[in-house]
Amino acid sequence: MKVTLLVTQLQEVTDLLMRFVSKHATLPVLENVYIKAGLEGLLFRATDMEKYLEVQLAAKPDDEWAITVNAKALGDLLRTIEDEHVIIGIDPVKDILTITSAQDEFSIKGISATEFVAVPTVQSDRELTLDIHSFTKGIGKVEYAVMEKNFSPVLTGVMMRTKQYADWWKLVFVGTDSFRLAEYKIPQTQAVSGAYTIIIPKVHVQDIKKVAEYAESKKVDQMKIVFSDNMVSCQFTMEGLQVQCTALLIQWSFPDYENENIMPTTANATAVIGKWQLEKSLRKISILTRDLNNYALIKAQDNSLEVSSGETDLWQGETKLPAVIDGDMVGFWINAKYIADFLKVAESTEIQMRVIAADKPIIFKDLDDDQFTYVVRPLIK
């Protein structure tokens, strides 16, 4: 009951599975990965009961068998093996997995495969086919704006929806924690059968993104998303490998954010500034404010912006950077970390700020990507 595999491929698959294993398992089997050998190769499964990963690996086992073994132990051992190939097999009577290479021989006591939980199937005809790079990019543009814990569950997830703009269908990603909001739109070249909205918990979408990035590294171009009212399945097919991630959705209505109170479409003033100059200025001022509230005061000074800490009994600091300012720009207080998060994912060397008033949302735009919009609520003093 053995099968020979490439060590690197087995290591990569195990690393993905470990992201889906329960971190605080009430059942010991949920700390394990399920491995089944059959005519179609090797089937791997891992779950924490809220998200599931299935990987079908092309292989030629000499018999049919199944077992579950501790994911961390398996992953740690595989990382120590320096040979190109490894042979894995089981002792079905004792539920032991054996791992053998030219230099090494290990055995791990497992748990019977019959104790592993069933992986749910998403029964739905609602599906999308999209470019993997667009998916990973869209998630990366908005996920930092979402909190993992919040008083409102809907604010702990990334919203994905299809929406028609004029003659274009777009896939829209949105993340918010109620203090800031990030939106990224991607034109859909694939056929879209209607307007859909799903909300994937941040803790799940980060793991799905890692799997998508792995598929992208293997030169996979497209992925399929199938979803029902309460679950989503992301499917990838690559040479010798089929991968499916399944996760529970947040079953709440996402708040309406496309209005002037949250995402203004007009501005009384704009400022175009260098991305790196702004990042450097914020970093300087944050040294003074990070242990308190991390807020900075930004105001216009002729053809420059002044970023300052304000004046307290403990400190005072200000720094200036060149800017192209259009209109009468009022000063405003804003969380410097929120701007820094935006600058990390902005791709242009210049960004634009759109300002209405000191108590109205501030819009940030990446000048090289009009599909990316970031909104921050200022501090009202």
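Values in this text are rule-based calculations from the coordinates and carry no lab data. Worth saying up front: this structure is predicted, and the values here are computed from it rather than measured. For neighbour counting, all protein chains shown are included, and Cβ atoms are generated from backbone atoms with ideal geometry for every residue, glycine included.
In deg cm²/dmol, rounded to 500, what helix-only [θ] at 222 nm does the chain give when every DSSP H run of at least 4 residues adds -39500 (n - 2.57) and the total is split over its residues?
-6000 deg cm²/dmol
Net charge near Lys72, counting Lys/Arg +1 and Asp/Glu -1 over other residues with Cβ under 13 Å of its Cβ?
Details: positive: Arg19, Lys23, Arg79; negative: Asp15, Glu31, Asp76.
That sum, taken over residues with Cβ under 13 Å, equals 0.
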Expected sort for Met49, Met329 with the fewest Cβ neighbours (10 Å cutoff) up front is Met49, Met329
Averaging 1/r across every pair of distinct alpha carbons in the stretch 98-152 and inverting yields a Kirkwood hydrodynamic radius, in angstrom, of 17.4 Å
Taking the dipole of the chain about the Cα centre (Lys, Arg +1; Asp, Glu -1; charges at Cβ), the one of Val55, Gln242, Pro255 that reaches farthest to the positive side is Pro255
For the stretch 52-131, listing GluC sites (Glu not before Pro) in a DSSP loop whose Cβ sees at most 12 other Cβ atoms within 10 Å gives Glu64, Glu82, Glu84
Surrounding charge for Thr47, neighbours by C-beta under 14 angstrom, Lys/Arg +1, Asp/Glu -1, total -2
Note to self: Kirkwood Rh of the stretch 48-135, Cα pairs, one decimal, Å, is 16.1 Å
Rg/Rh over Cα atoms for the stretch 213-343, Kirkwood Rh, comes to 1.17
Contact order relative to length for the chain, counting C-alpha pairs under 8 Å separated by 6 or more residues, stands in percent at 13 percent
Inter-part gap, Cα centre of the stretch 344-374 to Cα centre of the stretch 93-159, in whole angstrom, is 33 Å
Computed over the stretch 103-193, the Cα gyration tensor eigenvalues, each multiplied by 5 and square-rooted, give semi-axes in Å (largest first) of 35, 21, 16
For the stretch 2-115, the Cα gyration tensor yields equivalent-ellipsoid semi-axes (√(5λ), largest first, whole Å) of 20, 15, 14
For the stretch 248-335, the charge dipole (Cβ of Lys, Arg +1; Cβ of Asp, Glu -1; about the Cα centre) points to a positive end, and the Cα of Ser286, Ala296, Thr266 closest to that extreme belongs to Ser286
One point scatterer per Cα, no solvent, Debye formula: log10 I(q)/I(0) for the stretch 127-248 at q = 0.19 Å⁻¹ comes out as -1.04
Net charge near Ile186 (other residues with Cβ under 10 Å of its Cβ; Lys, Arg +1; Asp, Glu -1) is +3
The stretch 1-138: relative contact order from alpha carbon pairs under 8 Å, six or more residues apart, as a whole percent, is 25 percent
In Å³ per residue, the alpha-carbon convex hull of the stretch 14-70 encloses 74 Å³
Given a Förster distance of 41 Å, the FRET efficiency implied by the Cβ-Cβ spacing of Ser348 and Gln9, rounded to the nearest 0.05, works out to 0.60
For the chain, the dipole about the Cα centre with charges only on Cβ (Lys and Arg +1, Asp and Glu -1), to the nearest 20 debye, works out at 720 debye
At q = 0.16, 0.26 Å⁻¹, the log10 of I(q)/I(0) for the stretch 294-381 from a Debye sum over equal Cα scatterers comes to -0.65, -1.56
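Figure the gain on full extension for Trp252 and Arg126 (residue separation times 0.36 nm, minus the Cα-Cα span) and round it to one decimal in nm. Let's see the in-between values first.
Working: separation 126, 0.36 × 126 = 45.36 nm, distance 1.82 nm.
Here the answer is 43.5 nm.
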Quick P(r) readout (the stretch 238-289; Cα-Cα; 5 Å bins; whole %) gives 4, 10, 9, 8, 10, 13, 11, 14, 12, 7, 2, 0
Within the stretch 108-200, DSSP-loop chymotrypsin sites (Phe, Trp or Tyr not before Pro) with at most 11 other C-beta atoms within 10 Å are Phe151
Low-density loop chymotrypsin sites (Phe, Trp or Tyr not before Pro), the stretch 273-381, at most 15 other Cβ within 10 Å, DSSP non-H/G/I/E/B, are Trp315
Over the chain, the quotient of the Cα radius of gyration and 2.2 N^0.38 Å is 1.19
